[in-house]
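Working notes for the structure below.
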Amino acid sequence: MLSGVTSTVPSRTPGKPSSGRPRLLLIDGHSMAYRAFYALPDTLATSSGQITNAVYGFTSMLTNLLRDEQPTHLAVAFDAGRVTFRTERFPEYKGTRLATPDAFKGQVPLIKEVLDTLNVASIELAGIEADDILATLALQAKAAGMEVLVCSGDRDTLQLVNGDVTVLYPKKGVSELARMDPAAVEAKYGVPPERYPDLAALVGETSDNLPGVPGVGPKTAAKWITAHGGLAALLDAADEIKGKAGESLRTHLDQVRINRELNALLTDVELPLGVDDLALEGFDREAVHLVSDTLQFGQLRDRLLAVDPSGAAEEEAPVAPGVELDLADIAPGTLGTWLAARSAHVGVEVAGKAVAGGGDAWAIAVAEPGGAAAYVDLTQLGPEDEKALAAWLADPAAPKILHGAKVAAHMLAARNLDLEGVTFDTELAAYLCYPDQRGYDLGDLAMRHLGRELKVAEPDGAQGALDLSLEGETEGQAEAVRAHGVAELATALAGELADRGATHLLDDVELPLSGVLARMERIGIAADTEYLTGLEKQFAQGVADAAAEAYAVIGREVNLGSPKQLQEVLFDQLAMPKTKKIKTGYTTDAASLQDLYVKTEHPFLAHLLTHRDVARLRVTVEGLLKSVAPDGRIHTTFQQTIAATGRLSSTDPNLQNIPIRTEAGRQIRRAFQVGEGYESLLTADYSQIEMRIMAHLSGDEGLIAAFNSGEDLHRYVGSRVFEVAPADVTPEMRSKIKAMSYGLAYGLSAFGLSQQLNIATGEAQTLMDDYFERFGGVRDYLSGVVEEARATGYTATILGRRRYLPDLTSDNRQRRQMAERMALNAPIQGSAADIIKLAMLKVQHELDARGLTSRLLLQVHDELVIEVAPGERAAAEDVLRSQMGAAFVLNVPLDVSVGTGATWHEAGH
């Protein structure tokens, strides 16, 4: 427990640093904007469709730097283009970098516009890189007696570090920065900052496409440089270096010299501004409001205005205030009383470790928006308090808000603590609001929605953090801050959920489902390790055999995993038709090689493709073996926040990547078996659910009639399209109809269909035209759903699950067409996800209601797997058929297929 502390720490005012010296902050604009672009989702966009992830992230980072570093002077340097004096000296310089994404290019002018409103200088010069501008300014500032901070993700800037210059290097995204002073550089790289370019010349720089000396790593390079007193002396003594590393160095002397020439930063660039011109005077606040309105920045605007160096921040738009937390001193035996007094809006943070299907918890923090908070050390609880805590956690009538409740439930379960009464999960809520986002870190969400960092305020009052006294014992403060942040964030996200019509999805689907998934993950599924071991050996032999057969065809051994060596074999030695041109030659990806094999039927390709397939299966089996827990079962993790369409994802191990219809896949599924004390496995899945959803959403009478006829769907549709009797639909006709029917639901074009069926594009287009002539409702639906999404900005499933697609109005044709395919796919695949989730909830509820001990184990795609207790076979099957069939009422029936057996394979159907 903690002693009770209550404190409000005053926020510090931006101004001169405590040293009294002027402080110049230099930022590599492109470097930091790129990091923001890739760290934040491209769903960060205005209502007009302008993507703003790079400009938002850059501005957020700049705001933090202004707040935390309090510079007196500031400049941002940008690269003017790819052609510089370095590319003239070494054309391959940065040659491996991908083309700048269009979505990023359009944001650089916006970043400069933001800088203009802040009266911050931005500098770029033709033929000169941003780092050279920063190096020149850093040298000028040092000479002027200034303290210098260089914020860049380019390691070349480390050569600037000295007693007056510190590099702020991003550690994760753009939110966490490492302070690289001389001691930090030497500790990390083994050489002082001025020698870092020597080390980089030896080891190379991948991002700049500067190759290093093969076999020479940073430790060897640092040892050599230290021993010889620098690179120049080392190169003069190259003949004295022994061993293979010495031979490698002598072979690559010219490249090392080029590397050293290119990584040296210019410090004498002629600039339009001097350091005296970079003083921060204050923001153009009216312009800040205008550009923030345009970019729809919301709370970021408030954070930005709060760090206005003119001091006007206190007059308007204050930063989100610090929160006074009252961390209670709970006497032994009184925890139950304290918990009972809490409101209906309580944030809970569980500290511990999570593993697949389990974990451990060692502490819990509870906090209310008003500031009341407590930290409970689970390892120190007395019996009375432990009983009170267990009762409160398990009480469904005691509301609790968590971030990632499923993981918390696993950790608590390790201490025999049940978690019930979760009324809001901020991770799931954020996912429903922003399904395309890459990750839902609590700290990132708090910064975005609350304008606050979830950390304890520094003694001098870091703005936007939570104020909590640092005097005395500090145990539990971080957890209390996060618990408070969860409670506060829930309010913000609840409003966004309501705006998106998604409140019911959280309350009625995702939240209850997280509890079901937690049970499934803890149970796991039994695995036959002896069988898996034998299968791994079988696949390992298959890999070796396929490689040997491939080598025999070409008369030599090569690395079958090396694109470079494969290109040489395929296109030089065997003179095969060229595949798609890429930067490093011609692609050797799976689709291209499969297409090449269809064209050539070359035996080398046959063995290569077999090698790849079997190697992939071997990796799958190896992963399964490593995943078998001490209880003999595999505990996969079901992720609710990965797929933007709403589908569940299986990870650690991924059970969704096991082939379903291949013999190898069937072999792997035999390893999953009924566990001890149970009778059998029972599987059930939906038949043609995507096409049934298509019939429902489109309302096409012909498609609805096809399902209601009871005949084979694709044969029935084929008879209509080809104008023949159902009995006269050939297997080839049926195959074409099946490919097209499913392809249309996923945005397949005539060209895509032609590639899939290996027919001419014209024939594929005719097939599609004939299909649409017979099934006009499908045609109208597919065209209408894209136009509706273009007008509203989003698509929706049968339960109202939205996916926002700003690229539907993009000027970039490629991005627009991709968004159109997503608009076609999301409602159908997302509705299938909705239905299987509803089915899981109904199945679990009915199993519990009937008092059955049979248990739900897996959900893979549209399939559910149940472990059947002795004597419950008929009842369990009835639960699956009745509850899955009634999961949602469509215009066509939901057809459920069921199978049983001792293994997952035997239970297939």
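Values in this text are rule-based calculations from the coordinates and carry no lab data. Quantities reported herein were computed from a predicted structural model and do not represent experimental measurements. Here the Cβ is made from the backbone with ideal geometry for all residues, glycine too, and neighbour counts use every protein chain on show.
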Listing LEU894, LEU44 by rising number of other beta-carbon atoms within 10 angstrom, fewest first, gives LEU894, LEU44
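Using the Cβ atoms and a cut-off under 11 Å, what net charge is assigned to the surroundings of GLU510, where Lys and Arg are +1 and Asp and Glu are -1?
Around GLU510, the surrounding residues sum to -2.
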Checked against the structure, the computed semi-axes √(5λ) of the Cα gyration tensor in Å among (1) 58, 47, 20; (2) 41, 38, 32; (3) 49, 40, 30 is the one labelled (3)
Taking r as the C-beta separation of ASN416 and ALA340 and R0 as 25 Å, the FRET efficiency to the nearest 0.05 is 0.70
Taking Cα pairs closer than 8 Å and at least 6 residues apart, the relative contact order of the chain in percent is 11
Residue span THR294 to ASP572: 0.36 nm per residue of separation minus Cα-Cα distance leaves a gain in nm of 94.6 nm
Residue span SER882 to ASP507: 0.36 nm per residue of separation minus Cα-Cα distance leaves a gain in nm of 132.7 nm
The distance between the Cα centres of the range 538-556 and the range 39-76, in whole Å, is 52
Quick calc, ALA590 & ASP848: beta-carbon distance into FRET formula, R0 41 Å, rounding 0.05, result 0.40
Ranked output for segments 591-600, 512-521, 131-140 by mean other Cβ atoms within 10 Å, highest leading, reads 131-140, 512-521, 591-600
If every Lys and Arg gets +1 and every Asp and Glu gets -1 at its Cβ, then about the Cα centre the chain yields a dipole, in debye to the nearest 20, of 2140
Once phi for every residue in the range 755-772 is put through the Karplus expression 6.51 cos²θ - 1.76 cosθ + 1.60 (θ = phi - 60°), the whole-Hz ³J(HN,Hα) values, with Gly and Pro written as x, are 5, 5, 9, 6, 10, 5, 4, x, 5, 5, 5, 4, 4, 5, 4, 5, 4, 5
Note to self: C-alpha centroids of the range 360-410 and the range 670-740 sit apart, in Å, by 48
Extension length gain for VAL355 and GLU247 (0.36 nm per residue less Cα distance), in nm, is 34.2 nm
Ranked from fewest to most other Cβ atoms within 10 Å of their own Cβ, TYR169, TYR531 fall in the order TYR531, TYR169
Neighbour-count ranking for HIS696, HIS909 (other C-beta within 10 angstrom, fewest to most) reads HIS909, HIS696
Highest mean packing first, using Cβ neighbours within 10 angstrom, the peptides 63-72, 28-37 sort as 28-37, 63-72
At the level of C-alpha centres, the distance separating the range 587-666 and the range 278-299, in angstrom, is 50
The farthest towards the positive end of the charge dipole of the chain, of the residues THR533, LEU655, SER60, given +1 on Cβ of Lys and Arg and -1 on Cβ of Asp and Glu, is THR533
The long-range amide H neighbours of ASP862, using H built 1.01 Å from N in the peptide plane and a cut-off of under 5 Å, are none
Percent antiparallel among DSSP beta bridges confined to the chain, nearest 5, equals 70
The lysines whose Cα lies under 17 Å from the Cα of LYS837, excluding any fewer than 8 residues away in the same chain, are LYS406
Of 487-497, 242-252, ordering from highest average Cβ density within 10 Å down gives 487-497, 242-252
